[in-house]
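Computed from the coordinates by the stated procedures, all read-outs in this text should not be read as laboratory data. Since we're looking at a predicted model, the values are computed, not measured. Backbone-built Cβ (ideal geometry, glycine too); neighbour counts: all protein chains shown.
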Amino acid sequence: MPVDLPHGGVEVGQRPAGRAEFGRQGGGADGVHDRAAEGLAYWNGLWRYAGFRRTQYLLTGVWGGAFLLEAAARVELTYLLPTDQMVLANSVLPLVVVGALVAWTVLMAKRGRARSAAASAGDA
């Protein structure tokens, strides 16, 4: 049961009164919520596969490592470059890093789909 707080809110972890689900007030006639729930169930189901887990951990590690390297490069460049050049580098470097990471992620996804299709064909 929600606890009424002096500011009109509810205690953390409690559902606001009159709401069956967060963000859903009606029946969802268009089926958006049902499709979202199906998509979430599908995503959660993928975690039972070791290859999927390994790929997700790899992607997370590479993205995190790349952003840490970018931050370290910015610190170093701050001491090496004049201010006007560093302002430009601070504008360009994140775009280059994210662009490279997105391209690498797409490549990894294509490889993963190809491996999955090959494994499925081998099982059939």
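When Trp47, Trp63 are arranged by Cβ crowding within 10 Å, least crowded first, meaning fewest neighbours, the order is Trp47, Trp63. Exactly which trypsin sites (Lys or Arg not before Pro) in the range 30-124 are in a DSSP loop and have at most 14 other Cβ atoms within 10 Å? Taking the range 30-124 and a limit of 14 other Cβ atoms within 10 Å, the loop trypsin sites (Lys or Arg not before Pro) found are Arg48. Per-residue Cβ neighbour counts within 10 Å put Thr78, Thr55 in the sequence Thr78, Thr55, beginning with the fewest. Approximating the spin labels as points 7 Å out from Cα along Cα→Cβ, the Leu40-to-Phe67 distance works out to 2.3 nm.
An ellipsoid equivalent to the range 49-123, defined through the eigenvalues of its Cα gyration tensor, has semi-axes of 37, 12, 6 Å when rounded to whole angstrom and sorted largest first.
When the range 49-123 is described by a simple charge dipole with +1 on each Lys and Arg Cβ and -1 on each Asp and Glu Cβ, the residue from Gln56, Val96, Leu81 located farthest towards its positive end is Gln56. Extension gain for the segment Leu59 to Thr83, taken as residue separation times 0.36 nm less the Cα-Cα distance, is 5.3 nm to one decimal.
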